[in-house]
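Here the structure is laid out as C-alpha cells; the discussion comes afterwards.
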Amino acid sequence: MSKDSTIVDQLYQTIAARKGADPTQSYTAKLFSRGRGKIAQKVGEESVETLVAALSETPERVVSESADLLYHLLVLWADCGVRPADVWAELERRQGTSGIAEKNARKE
Ligand SMILES: N=c1c2ncn([C@@H]3O[C@H](COP(=O)(O)OP(=O)(O)OP(=O)(O)O)[C@@H](O)[C@H]3O)c2ncn1[C@@H]1O[C@H](COP(=O)(O)O)[C@@H](O)[C@H]1O
C-alpha cells in the first residue's frame, strides 16, 4: 500500500480482498455472495438514510450514514470491476468545466 493511499483506497483493497471469502465471517463477502442486485439495493437504502439524516437529523448522523453509503458504494464498484482511481480520473477530467456549461452542452 502506498503511503499516499487514502482511507478510501485502503477500504477498497480490504473489500476487494473479501471476494470469495467466507460469508459467515465477513459482511462484505456476504454481500458479494448475494449478488449485484442486493449490493445495489443496499446502496439505494443507504442513500435514502443519508438524505433523511441531512433533512431531519444531526451532522453526526449525516457522517455516520455517509460512511455506510460510501462503504456500500465501494462494494458495488468492486463488484463491477471499477477502481477508485477510475472515478478519480473522471472527476479530474471534469475539473474546470462548470456543471451548468456541461448541462447546456448536452442540450445542443
Ligand atoms: N465500513 C464498513 C461498513 N459500514 C457498514 N457496514 C455494515 O453494513 C451493515 C449495514 O447494516 P444493515 O442493518 O443495513 O444491513 P443488514 O441488515 O445486515 O443487511 P440486509 O438485511 O439489509 O441484507 C452492517 O452490518 C454494518 O456493520 C460495514 N461493514 C464493513 N465495513 C468495512 O469493511 C471491512 C471488512 O468488513 P468484513 O467484510 O465484515 O470483514 C471492515 O473492517 C470495515 O472497515
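Values quoted throughout were computed directly from the atomic coordinates according to the rules given, and no laboratory measurement underlies them. Keep in mind it's a predicted model, so treat the numbers as computed, not measured. Neighbour counts run over all protein chains shown; Cβ positions are idealised from the backbone, glycine included.
Worth a mention:
- Qualifying residue in the range 77-100 (condition: within 9 Å of the ligand (Cβ to nearest atom) and surrounded by 11 or more Cβ atoms within 10 Å (Cβ to Cβ)): no
- When the range 47-76 is limited to residues that are aliphatic (A, V, I, L, M) and within 15 Å of residue 28 (Cα to Cα), the one that is nearest to the ligand (Cβ to nearest atom) turns out to be 67.
- Among the residues of the range 63-76, those that are touching a Ser or Thr at 6+ places or on another chain (Cβ under 7 Å) and either exposed (fewer than 14 other Cβ atoms within 10 Å of the Cβ) or not polar (S, T, N, Q) (or both) comprise 65, 69, 75.
- Matching residues, the range 23-46, being assigned to a helix (DSSP H, G or I), more than 8 Å from the ligand (Cβ to nearest atom) and not hydrophobic (A, V, I, L, M, F, W, C): 33, 36, 37, 44
- Residue 49 among the acidic types (Asp, Glu), part of a helix (DSSP H, G or I) and more than 19 Å from residue 7 (Cα to Cα): yes
Yes/no per residue for (1) hydroxyl-bearing (Ser, Thr, Tyr); (2) within 19 Å of residue 67 (Cα to Cα):
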residue: 7; (1), (2): no, yes
residue: 10; (1), (2): no, yes
residue: 16; (1), (2): no, yes
residue: 19; (1), (2): no, no
residue: 26; (1), (2): yes, yes
residue: 35; (1), (2): no, no
residue: 38; (1), (2): no, yes
residue: 46; (1), (2): no, yes
residue: 54; (1), (2): no, yes
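- Taking every residue in the range 66-81 that is without any contact (Cβ under 8 Å) to a residue 60 or more places away in the chain and under 13 Å from residue 42 (Cβ atoms) and pairing it with any residue that is within 11 Å of the ligand (Cβ to nearest atom) and among the charged types (D, E, K, R), at least 6 positions away or on another chain, the pairs with Cβ-Cβ distances below 6 Å are 68/46; 69/46; 72/42; 72/46.
- Test set (1) touching a helix residue (DSSP H, G or I) at 6+ places or on another chain (Cβ under 8 Å); (2) hydroxyl-bearing (Ser, Thr, Tyr); (3) more than 18 Å from residue 80 (Cβ to Cβ) - residue 27 fails condition number: (1)
- Among the residues listed as 60, 49, the single one being in contact with a Leu (Cβ under 9 Å, 6 or more places away or on another chain) and farther than 22 Å from residue 9 by Cβ: 49
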